[in-house]
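Q: Starting off with a structure, shown below.
The values are calculated or read from the model by the stated rules, or taken from the named source; none is laboratory data. Source: prediction; values computed, not measured. FYI the Cβ positions are ideal-geometry reconstructions off the backbone, even for glycines, and counts take in every protein chain you see.
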Amino acid sequence: MHDHRPPPRGLDPAVRARLLEIYRTTRTIAVVGASGDERKPANEIPAYLQSQGYRIVPVNPRGGTLFGEHVYRSLDEVDVPIDVVDVFRPAGEAPAIARQAIALGAGVLWLQWGIESEEARDIAEAAGLTVVMNRCMGVMHQVVGLGPGPHSDEWRRRST
């Protein structure tokens, strides 16, 4: 689902502006597929985003607590306002997640690296959501100049 490709160079100015607006207006991110395994991107990326001031609302059928937050067993159970639904699940699940993001009132559906679904894009965009696919929300935070990035030595030192 996730790879460690270097960040894209020469980001299109319109894409950069759209990403900056997403980060500027985002306060709370629901992370579908959040993981308790610190070696997985589904843990590392939300931990990084939390360190940058975003509230993380983890979603995982196992429940429990992650990042100091209650883990919701499904997106349908989330009862707090969500700005972005960040997805760490297979592309085949993305259309259903898009529908849940709409029902939740989210403004953005973000599919992590390696996850693309035209059906999910069509569903979300038809309802007015902004859609980002096949990009890492943590890495793009760095690429647009808002933070050190989840793979930087600076962040790794602070998070250990």
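Q: Please count how many residues of region 1-30 are aromatic (Phe, Trp, Tyr) and at pLDDT below 95. Before the answer, list the steps.
A: Looking only at region 1-30, we keep the residues that are aromatic (Phe, Trp, Tyr), and these are 23.
Right, trim to at pLDDT below 95 and you get none.
Residues that pass the stated criteria total 0.
Q: Can you confirm whether Val78 is over 25 Å from Gly10 (Cα atoms), touching a strand residue (DSSP E or B) at 6+ places or on another chain (Cβ under 8 Å) and modelled with pLDDT of 95 or more? Talk me through it step by step, then tell me what you get.
A: On the way: over 25 Å from Gly10 (Cα atoms): yes; touching a strand residue (DSSP E or B) at 6+ places or on another chain (Cβ under 8 Å): yes; modelled with pLDDT of 95 or more: yes.
It is true that Val78 is over 25 Å from Gly10 (Cα atoms), touching a strand residue (DSSP E or B) at 6+ places or on another chain (Cβ under 8 Å) and modelled with pLDDT of 95 or more.
Q: Another question about this same structure. Any residue at all in region 70-80 that is over 22 Å from Ile123 (Cα atoms), touching a residue at least 12 places away in the same chain (Cβ under 8 Å) and in contact with an Asp or Glu (Cβ under 9 Å, 6 or more places away or on another chain)?
A: Yes, the conditions are met somewhere in region 70-80.
Q: Quickly run through region 43-61 and pick out the residues that are surrounded by fewer than 24 Cβ atoms within 10 Å (Cβ to Cβ) and either in contact (Cβ under 8 Å) with a residue 12 or more places away in the chain or touching a His at 6+ places or on another chain (Cβ under 6 Å) (or both). Walk me through how you get there before you give the answer.
A: Our first condition is that a residue be surrounded by fewer than 24 Cβ atoms within 10 Å (Cβ to Cβ); within region 43-61, this holds for 43-44, 47, 50-56, 60-61.
Residues satisfying the conditions are Asn43, Glu44, Ala47, Gln50, Ser51, Gln52, Tyr54, Arg55, Ile56, Asn60, Pro61.
Q: Quick test of your reading of the structure: Val84 fulfils all but one of (1) in contact (Cβ under 8 Å) with a residue 40 or more places away in the chain; (2) surrounded by fewer than 19 Cβ atoms within 10 Å (Cβ to Cβ). Name the failing condition by number.
A: (2)
Q: Please find, within region 135-160, the residue that is modelled with the highest pLDDT out of those that are part of a loop (DSSP other than H, G, I, E, B) and polar (S, T, N, Q). Outline the logic, then answer.
A: Of region 135-160, the ones part of a loop (DSSP other than H, G, I, E, B) are 135-136, 144-152, 160.
Adding the requirement that they be polar (S, T, N, Q) leaves 152, 160.
On the way: Ser152: 78, Thr160: 55.
Within region 135-160, the match that is modelled with the highest pLDDT is Ser152.
Q: Can you find a residue that is part of a loop (DSSP other than H, G, I, E, B), in contact with a Pro (Cβ under 7 Å, 6 or more places away or on another chain) and either modelled with pLDDT of 95 or more or surrounded by fewer than 23 Cβ atoms within 10 Å (Cβ to Cβ) (or both) anywhere in region 117-134? Spell out how you get there, then give the answer.
A: Taking region 117-134 as the starting set, the residues that turn out to be part of a loop (DSSP other than H, G, I, E, B) are 117, 127-129, 133-134.
In the following step, the residues that additionally are in contact with a Pro (Cβ under 7 Å, 6 or more places away or on another chain) were identified as 117.
Right, trim to either modelled with pLDDT of 95 or more or surrounded by fewer than 23 Cβ atoms within 10 Å (Cβ to Cβ) (or both) and you get 117.
Yes - at least one qualifying residue is present in region 117-134.
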